[in-house]
Amino acid sequence: MKTTIHHLLGLACIVVAGSVQAQSDLTQWPDGYEPREIGVLVSNRFVEVPHPNFNGNPNPPNEITYPETCAWWGALRLAHVTGDTLLLRQLEERFLPIFGPERRLQPLPDHVDHTVFGVIPLQLYAQTGNPVYRSMGLWYADAQWSLPQHPSPKDKELLGQGLSWQTRYWIDDMFMISAIQSQAYLITREPHYIDRAAQEMLLYLKRLQRPNGLFWHAEDVPFFWSRGNGWMAAGMTELLSVLPTDHPTRPEILQAYKKMMATLARYQKDDGLWGQLIDDPEAWSESSGSAMFLYAFIKGVRKGWLDSDLYGPVVRKGWIGLVDLIDQKGDLAQVCEGTNKTNDRQFYLNRKTLPGNMHGQAPLLWCVTAFLE
């Protein structure tokens, strides 16, 4: 979206100022980089795009997928923080057919990637007060900790340990679970929702976080995949944003978050982004994971979890690099396609990119909201 001159202007305002304060400033931006402007562009793009498939192919989707859910939720939160009632109405109108002609598109709460859909009705309830949305959203949150219709022995074992039966130890899960359970807690203030998410997070931290603070894609896949780590960074951020300050799990989760952020800062590339494999110097810059990292950094600086002098420059450099990849329509480039876990380095490096894919549009909207909150 931005020209090379614009990019240089953005960097120049850091260099010319020559002070830590200027490098850390997250309020003044060159023309074309202002978060609110980007938020309008990307949210309008979301509204005009029909329900997409997981990887954006032209066939009608069988159900609403989690990338769209996450972008939808991001747009709803942006509408709230900006007081944009028109955007809220458009986003609600996108949802209403679920109760009628598009009922078949509603995901069932039978998997972490499907259950996260509940954040949309919960956010709609928070902004409209419609009790139908509340009931629907809590149904999703409760289903994550209730035996499915045909439970397996493993399902029963996990629930017996106080964990979700949807536990599978992939790093993606800790955004999906944290998001829905945190939203349920915000709506009800019933402690069991936030306790669930916190206990689940502790287990995932123990199983998947490595000594450098980053996360393997899964226990049997020893690669620091960018978007997978992005889900974990965003998941910790969502949880910490809601977790009470006196909650017994908070110190350990906050420590894990800070450890991850410190390592990510060291791996930020010259273009402001992070590699498809974070620690691989041959990896191409991937935008969706980078946007998720930025979201975690922005919230951390804003909430005082991270030192603004140290991490403000990371945010500023990353945001400028990210916006440079947005085209005039509002589509983000260099978004990795949907990616299963595979114990093969080249598999990750060979993944295709999908401009405008919701995996990337979603965290763009989260970043804007974090800037404006």
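The values are calculated or read from the model by the stated rules, or taken from the named source; none is laboratory data. Just so it is clear, the structure is predicted and the values come from calculations on it, not from any experiment. Cβ coordinates were reconstructed from backbone atoms using ideal geometry, including for glycine residues, and neighbour counts include every protein chain displayed. Side chains included, ligands, DNA and RNA excluded: accessible areas come from the protein's heavy atoms. Shrake-Rupley method; radii C 1.70, N 1.55, O 1.52, S 1.80 Å.
Give the range 52-64 a look and list any residue that's in contact with a helix residue (DSSP H, G or I) (Cβ under 8 Å, 6 or more places away or on another chain), open to solvent by less than 50 Å² (accessible area, probe 1.4 Å) and modelled with pLDDT under 95, or say none.
Answer for the range 52-64, where residues must be in contact with a helix residue (DSSP H, G or I) (Cβ under 8 Å, 6 or more places away or on another chain), open to solvent by less than 50 Å² (accessible area, probe 1.4 Å) and modelled with pLDDT under 95: Pro52, Pro61.
How many of the residues in the range 194-218 are of a type outside the set (A, V, I, L, M) and open to solvent by less than 10 Å² (accessible area, probe 1.4 Å)?
So the answer is 5.
Need pairs with beta-carbon distance below 6 Å; first residue closer than 16 Å to Cys367 by Cα and within the range 18-43, second modelled with pLDDT under 90 and open to solvent by less than 20 Å² (accessible area, probe 1.4 Å); sequence gap 6+ or separate chains.
From the range 18-43, the pairs are Tyr33/Gly10.
Find the helices (runs of 4 or more DSSP H) located wholly in the range 81-152 whose residues include 3 or more that are farther than 22 Å from Thr188 by Cβ and modelled with pLDDT under 95, and list them.
Ranges flagged: none.
Of everything in the range 156-188 that's in a helix (DSSP H, G or I), in contact (Cβ under 8 Å) with a residue 40 or more places away in the chain and open to solvent by 30 Å² or more (accessible area, probe 1.4 Å), which residue is nearest to Phe215 (Cα to Cα)?
Top of the filtered list is Leu186.
Please go through the range 324-368 and give me each residue that is modelled with pLDDT of 95 or more, in contact with a His (Cβ under 8 Å, 6 or more places away or on another chain) and not acidic (Asp, Glu), ordered by number.
Scanning the range 324-368 gives Val335, Cys336.
Condition test on Leu240, is it in a helix (DSSP H, G or I), open to solvent by 10 Å² or more (accessible area, probe 1.4 Å) and modelled with pLDDT of 95 or more?
It is false that Leu240 is in a helix (DSSP H, G or I), open to solvent by 10 Å² or more (accessible area, probe 1.4 Å) and modelled with pLDDT of 95 or more.
Looking at Leu365, Leu372, which one is touching a Phe, Trp or Tyr at 6+ places or on another chain (Cβ under 8 Å), among the aliphatic types (A, V, I, L, M) and either at negative phi or surrounded by fewer than 24 Cβ atoms within 10 Å (Cβ to Cβ) (or both)?
Result: Leu365 is the single residue among Leu365, Leu372 that is touching a Phe, Trp or Tyr at 6+ places or on another chain (Cβ under 8 Å), among the aliphatic types (A, V, I, L, M) and either at negative phi or surrounded by fewer than 24 Cβ atoms within 10 Å (Cβ to Cβ) (or both).
Condition (residue is surrounded by fewer than 17 Cβ atoms within 10 Å (Cβ to Cβ), over 30 Å from Phe371 (Cα atoms) and of a type outside the set (Asp, Glu)) applied to the range 80-97: is it met by at least one residue?
yes
Of everything in the range 304-347, what is open to solvent by 50 Å² or more (accessible area, probe 1.4 Å) and in contact (Cβ under 8 Å) with a residue 24 or more places away in the chain? Give them in sequence order.
Selection gives Ser308, Asp309, Leu310, Lys317, Asp327, Gln328, Lys329, Gln334, Lys341, Asn343, Arg345.
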